[in-house]
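What follows is a short report on a single structure.
Please treat every number below as a calculation from the coordinates, not as lab data. Note that the structure is a prediction, hence the values are computed from the model and not measured. Glycine also receives a Cβ, built like all others from the backbone with ideal geometry; neighbour counts cover every protein chain displayed.
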Amino acid sequence: MPREWEPMLTTLATQRYPRLVSHAMMLVGSRTDAEDLVQEALVATFVGRRTFEGLGQAEQYVRRAIVTKFVDRARKSGRERKLWDRAANAGSVEAGSDHGAAVGAMVDVGVALRTLPPRQRACVALRYLDDLTVPQTATLLGLSDGAVKRYVSDGLRTLSTLMGTDEIFDDAEWLVVHPSGGGDR
């Protein structure tokens, strides 16, 4: 006799697994590590035999578990220090070297994102890849709103430097869009 949560897990694993792995890859970088992270998140989500109202709710819970497991892993293994060092080295360009070549090597957003320390990466990913608000991100990661804003600001500044842009990012909650007179679409 199947347990109450097993059909939801099976459906989630068969229908949404590739999206969950893609989400995890933005955090860890390699497919193997991403698959391990998704597996850990699925186990953590369903070990308590939780019930969900729908597949979307279950997927969101697993996505949040992925981020939480990622931050936990980084904290336990000391990877945060290594990532800080790598980010510092990735942003430096030797005197006399071709700055364009250095920037070209960092153009891939995924590569640049992986240079961020775990908390910055988690905050940026949740804010801009999962479209969560600052309070939602703060609640999910157990941080204050101010800490999330700082991690996002620092992360975006680092990404901007690594990608060779001079964008100024404002982590505003709302963006007002005024339609132009461009006609029907």
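Would you mind classifying the stretch 1-77 by shape? Square roots of the alpha carbon gyration tensor eigenvalues, ordered a ≥ b ≥ c; an a/c under 1.5 is rounded, otherwise it is prolate if a/b is larger than b/c and oblate if not.
Judged from the Cα gyration tensor, the stretch 1-77 comes out prolate (a/c at least 1.5, a/b above b/c).
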**OP:** Count the net charge of all other residues whose Cβ sits under 14 Å from the Cβ of THR32, scoring Lys and Arg as +1 and Asp and Glu as -1.
**Re:** -2
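Ordered by packing density, taken as the mean number of other Cβ atoms within 10 Å over each peptide's residues, highest first, how do 7-13, 53-59, 159-165, 38-44 rank? It would help to have the intermediate numbers written out before the result.
Details: 7-13: 15.0, 53-59: 13.3, 159-165: 16.7, 38-44: 18.4.
Per-residue Cβ counts within 10 Å, averaged per peptide and sorted highest first, yield 38-44, 159-165, 7-13, 53-59.
Using 1/(1 + (r/R0)^6) with R0 = 25 angstrom and r between the beta carbons of GLN39 and GLU4, what's the FRET efficiency to the nearest 0.05?
On the way: r = 21 Å, r/R0 = 0.85.
So the FRET efficiency works out to roughly 0.75.
Sorted by mean Cβ packing within 10 Å, highest first, what order do the peptides 125-131, 62-68, 142-148 take? Please report the intermediate quantities before stating the final value.
On the way: 125-131: 17.4, 62-68: 22.6, 142-148: 15.0.
So the peptides 125-131, 62-68, 142-148, ranked by packing, come out 62-68, 125-131, 142-148.
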